[in-house]
Amino acid sequence: MSRFIARRLLLLPFVALGVTALIFSLLQLLTPAMRASLYITDPKQLNALPDIIRKYHLDQPVYVQYWEWLRQVLHGDLGWSETAREPVLTAIRGYFPATFELALYSFACILVLGIWLGTLSAVQKDKIVDHLSRSTSISGASLPTFVWGLVLLMVFYGHFGWFPPGRLGLDADLFVRSPQFHPYTGLLTIDALLNGQWWLLWDALRHLVLPVATLTYFITATLVRITRSSMLETLRADYVRTAEAKGLPRDVVVDKHARRNALIPVITLAGLLFVGLLSGVVITETVFNWPGIGRWGVTASQQLDIPAVTGFALIFAGMLVLGNLCADVLYAVVDPRIRLQ
Amino acid sequence: MRMRPWSIRTAAAFTAAIVSLSLGALVARGAGEPVKNPDTFVELQFGDVTSLDPDLAYDIYSAEPIWPNVYETLIIYSGSSLDKFSPMLATEVPSLQNGLISKDGMTYTFPLRQGVRFHDGSVMTPDDVVYSFRRFLLQDQAGGPAWLLLSPLLGVDSTRDKQGKIQVTFDQVQRAVYAQGNSVVFHLKRPFAPFLTIMAAWGGVMPRKWAAAHNDWDGGAATWQKYNNPKTEDRYQFDHMNGTGPFMLEQWDRQNKEVILVRNDHYWRQPARLRRVIIRSVTELAARRLQLQQGDADLIVASLNEQSQLRGLPNTVMQTKLLQIAVQTLQFNFKINTDGNPDVGSGKLDGQGIPSDFFADIHVRRGFAYAFDYAQNLSSAYAGQGILPHGPIVQGLLGYDPSVPTYATSRDKAIAEFKEAQGGKLWDTGFKFTVPYTAGNTARQVGATILRDDVQALNPKFQLSFRPVPASALNEILFSHKGTMYFLGWFADYPDPHDFAQPFLSANGYFPVRGGYNNPEADRLIDQAVATADPAKRAAIYKQLSMIAYNDLPYLFLVQPTTYYTMRSWVHGWYYNPIFPGQYYYTLYKQ
């Protein structure tokens, strides 16, 4: 297995290089004047366009610009993001924990709910529970995220005032900026615990509820469907019928025999879902004013912030490779018949 | 798998808890709401700060925390006035009467206030003021605001020529700005009537030693070129502030897109009543509105088409019909670059395109001017939030004159003009071209639709389409002179008619450089007006310029927009000055 993992990790730099070269080349299809627009906030600055092009070397050949960028990267510098107003690496370090925290809690809910509802649907096939779980999850997937997010926000914040947008309330926000608070991980719930601040943990959790609920409702449907179909297939397998014929209780057959085998496609999907969540859930982040990486990535793309877009791609190409690697390793853990070559 | 009884019981308990808590919340909300966070003011808007350096920031979102909240100028506009000034870091406003403006109008002297301290505790000196203004002039970032003072003081718009080479000397700057005892003297290149108007809004003062200690220019003659045209982020002042204003920078949190200011308790006037100010960017309107509704925000900024969604919110006040010193226009390009230009069709007057000089014909321009429905544009594109302008000199400025005629929509007059256009050929051949507009700008999209419908209704051979282009692509189109007709707005850098007459009507002005308009008489009048000290005489010249704009018709002046702010009713001390980039927190309090 270690050889397999090493081989996959060795591929990582090449994937990253390919992705960034591709993005860099595509962006060079735009004229220098268009790319210089990143530095223009008002059309009245247009007179300075030639000066700006010269200053940022936007008229250099693509290979020269790419080589410059690559040289910077090899020195650990991903460049300056004009949209984040800070170095790309600092921006990623800043935005990523917010997205990671949101993704982590959402993923846990999606996984538990998706597998539970999927199993329930398969076991109770064509009964009321099956119809209910399927229709609920499908409605979640069909409803646009921003609609569901806004409805939740209006009801649970606008009406009840329970779960505000953003990552923290005013007092908590000021407290985490004070010297009394030590940010160990950037994940506010964990940091609140490590600082022994229960009120802060409560505040952070309150702010997580709505975005997590939105993502859970939106994404769980996919997992429910995959789990359900995989379980249905497994429940029809000979060894399950044998186990039932031997007189094993239904719960044991489902939980111990069928579900474990049915989880293989679920693991593949879950891996991709988690990487998808990490690469940013733009709409949810926008609706709930969540300072995550997805929102920044979109802004950077819209404004042709080349260092940001390329740095973003570099990091997420790596994460995608690692995510797939984790899924492959988990296959072997779940199903001992699978051996990684 | 059967449903386990514990899960049903848990679900039931959870539902019951939600319902009971909801009822409790309703009761609590109905019980009346005290002022939330009484000494902290939270403003939510949708823009984003780009820099906190007072000499580089050139957009309203960056300018809001900078001026006059953290950095202060020598003089400031008095209350809501645009042409009356109060002393700030100076003790007097220069005038001919008090002798602080020389008789030739070329020298302005500002006696400085004593004992003013910067946020780092150091005392402001004339040396600091001189340094700050020289820094403003000599940093001169491409696309930055330095031209505002370079123009009156050195007679150039940039420290660099078109090839990027330095074209000014330190000696020139030394002669233009220098200390004299406890005063600072500005010597102009030529008489420049709007000088005080610019000084009231630009030139925030910072300590020289503090700047030099943080790798900024030390104020020396030998080193300034190294600091010319910097990258925004290279300056320490990019994210650090040290002014004299009523608030100090606590933090600029770029991840959360918020700037936090804290009260300056050693302010040279009475300290502000608010202890802390948070200016946060929240892009989604619903989140902004709900936070205002819940009292977690005190004031929110929203766009014109969102006004109806904010009207009538309980416990809030909406300040409306606040006239902006700005104008939205539809512009003609007199000399279109037709090379590889998809917007001009065939590039000829054959019914399938337009030639390069299509809009150089006054009858074509008048045809469009009479065809366009201005009232519909105001009501549909701007939700009625604005007024119809009378030329480039907008209401609120010296020289604004409502008696200047405007083009009223008239189908008959439009047809008559188009029949005379292009030597009488246009009506029979027709034309075809495309109007590009900024993608996402719904007001301009609506305007383009109105234009198309109005013109096509006159003659089916008049084919006009429009296409959305990203802001970057529109910049490219304008820069390469490929625009046909285009919607552009102009917001005042300083509230003086020169800031409108020059960019719109001078041959070297921002718009004529793109659109090719040229009238030597307009150039002469602009020079004459800017050198005239007497306001009445200036007003008369600007009226003449407005008449030239009416007769030459290089642009259709569509709307002078208004703006609005929605705030909690517990906010007091608020007032509007259209030239302020945002709120002046010094006067605000919550009660």
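Observations
- Per-residue 3J(HN,Hα) values for segment A:99-113, derived from phi via the Karplus relation 6.51 cos²θ - 1.76 cosθ + 1.60 with θ = phi - 60°, read 5, 4, 5, 5, 5, 4, 5, 5, 4, 4, 5, 4, 5, 5, 5 Hz in sequence order (x marks Gly and Pro).
- Among the trypsin sites (Lys or Arg not before Pro) in segment A:257-341, those placed in a DSSP loop whose Cβ has at most 10 other Cβ atoms within 10 Å are A:Arg337, A:Arg339.
- Evaluated over the Cα positions of the protein assembly as shown, the convex hull gives a direction-averaged projected area, one quarter of its surface, of 44.4 nm².
- Per residue value of the accessible surface for chain A (all protein chains in place, 1.4 Å probe), Å²: 46
- One decimal place: the segment B:Asp104-B:Asn182 gains 25.8 nm when fully extended, by the rule 0.36 nm per residue minus the C-alpha distance.
- Note on segment B:180-303: Rg/Rh from Cα positions, Kirkwood definition for Rh, rounded to two decimals, is 1.05.
- Taking 28 Å as the straight-line reach from the Cα of A:Lys125, the lysines in range (excluding those fewer than 8 positions away in the same chain) are A:Lys246, A:Lys256.
- Backbone phi angles across segment B:211-228, fed through the Karplus curve with coefficients 6.51, -1.76 and 1.60 (θ = phi - 60°), yield HN-Hα couplings of 5, 5, 5, 10, 6, 9, 4, 8, x, x, 5, 7, 10, 4, 5, 5, 9, 6 Hz in residue order; Gly and Pro are listed as x.
- Debye intensity ratio in log₁₀ form over the Cα atoms of segment A:92-217, taken at each q of 0.13, 0.16, 0.18, 0.23 Å⁻¹: -0.64, -0.87, -1.01, -1.30
- Stokes-Einstein D (µm²/s) once Rh is taken as the Kirkwood radius of segment B:336-380 over alpha-carbon pairs, at 37 °C in 0.692 mPa s: 273
- Accessible area in the full protein assembly, largest first, 1.4 Å probe, for A:Trp148, A:Trp202: A:Trp202, A:Trp148
- Too-long pairs where the Cα-Cα distance tops 30 Å, listed order kept, from B:Lys335/B:Lys543; B:Lys321/B:Lys413; B:Lys84/B:Lys590; B:Lys162/B:Lys432; B:Lys226/B:Lys335; B:Lys335/B:Lys425: B:Lys321/B:Lys413; B:Lys162/B:Lys432; B:Lys226/B:Lys335
- Whole-Å semi-axes of the ellipsoid equivalent to segment B:385-499 (Cα gyration tensor, √5λ, descending): 28, 22, 13
- Seen from a random direction on average, the alpha-carbon convex hull of segment A:2-81 projects onto 6.5 square nanometres.
- For segment A:184-237 versus segment B:108-141, the gap between their alpha-carbon centres in whole angstrom: 54
- Prolate/oblate/rounded call for segment B:74-231, Cα gyration tensor, a/c under 1.5 rounded: oblate
- Inter-centroid distance (Cα atoms) of segment A:81-97 relative to segment B:433-507, Å: 35
- Selection from B:Ile548, B:Ala492, B:Val259, by position along the positive dipole direction of the protein assembly as shown (Cβ): B:Val259
- Solvent-accessible heavy-atom area per residue, rounded to whole Å², over segment B:69-207 at 1.4 Å: 36
- For residues of B:281-291, the mean tally of beta carbons on other chains within 10 Å: 6
- Accessible surface of A:Trp199 - all protein chains present, 1.4 Å probe, nearest 10 Å²: 110
- Principal semi-axes of the equivalent ellipsoid, √(5λ) from the alpha carbon gyration tensor of segment A:201-312, are 41, 17, 10 Å from largest down.
- Residues whose placed amide H lies under 5 Å from that of B:Gly386, excluding near-sequence neighbours: B:Thr562
- The residue among B:Tyr584, B:Pro191, B:Gly245 whose Cα reaches farthest toward the positive pole of the charge dipole of chain B, with charges on the beta-carbon of Lys, Arg, Asp and Glu, is B:Tyr584.
- Three-way shape label, chain B, alpha-carbon gyration tensor, a/c 1.5: oblate
- One compactness figure for segment B:264-341 is 1.79, namely its Cα radius of gyration divided by 2.2 N^0.38 Å.
- For B:Lys461, the aspartates and glutamates whose Cα comes closer than 16 Å to its Cα, not counting residues fewer than 8 places off in the same chain, are B:Asp350, B:Glu417, B:Glu420, B:Asp428, B:Asp453.
- Partners for A:Lys55 among aspartates and glutamates (Cα-Cα distance below 15 Å; same-chain residues under 8 apart left out): A:Glu68, A:Glu82, B:Asp140, B:Asp161, B:Glu233, B:Asp234
- Using equal-weight Cα scatterers in the Debye expression, the normalised intensity of segment B:326-562 in log10 at q = 0.11, 0.13 Å⁻¹ is -0.53, -0.75.
- Efficiency of FRET from Cβ geometry, A:Tyr184 and A:Val209, R₀ 22 Å, rounded to 0.05: 0.45
- Solvent-accessible area buried by pairing B with A, both sides, nearest 100 square angstrom, 1.4 angstrom probe: 5300
- Rolling a 1.4 Å probe over the protein heavy atoms leaves B:Arg524 with an accessible area of roughly 120 Å².
- Exposure rank, largest accessible area first [A:Trp198, A:Trp290, A:Trp162, B:Trp570; 1.4 Å]: A:Trp198, A:Trp162, B:Trp570, A:Trp290
- Inter-part distance where segment B:539-591 and segment A:267-341 are each reduced to a Cα centre, Å: 46
- When +1 charges are put on Lys and Arg Cβ atoms and -1 charges on Asp and Glu Cβ atoms, the dipole computed for chain B relative to its Cα centre reaches about 1180 debye.
- The sum of -39500 (n - 2.57) across all DSSP H runs of n ≥ 4, divided by the residue count of the protein assembly as shown, sets its helix-only mean residue ellipticity at 222 nm to -14000 deg cm²/dmol.
- Segment A:174-255 - Rg and Dmax from Cα coordinates, angstrom: 22.4, 65
- Label-point separation, B:Thr406 to B:Arg467 (7 Å along Cα→Cβ), nm: 3.3
- Rounded D (µm²/s) - segment A:92-340, Kirkwood Rh over Cα pairs, Stokes-Einstein at 37 °C, 0.692 mPa s: 164
- Solvent-accessible area of A:Val151, all protein chains in place: 70 Å² (probe radius 1.4 Å, heavy atoms, ligands and nucleic acids excluded).
- Once both labels are positioned 7 Å from their Cα atoms along Cα-to-Cβ, the gap between A:Ala245 and A:Arg7 label points is 4.0 nm.
- Evaluated over the Cα positions of segment B:348-436, the convex hull gives a direction-averaged projected area, one quarter of its surface, of 7.3 nm².
The values are calculated or read from the model by the stated rules, or taken from the named source; none is laboratory data. Bear in mind the structure is a predicted one, so any value in this text is a computation, not a measurement. Here Cβ is always computed from backbone atoms with ideal geometry, including for glycine, and neighbour counts include all displayed protein chains. When the accessible area is computed, the model is the full protein with side chains, heavy atoms only, and any ligands, DNA or RNA have been set aside. Shrake-Rupley method; radii C 1.70, N 1.55, O 1.52, S 1.80 Å.
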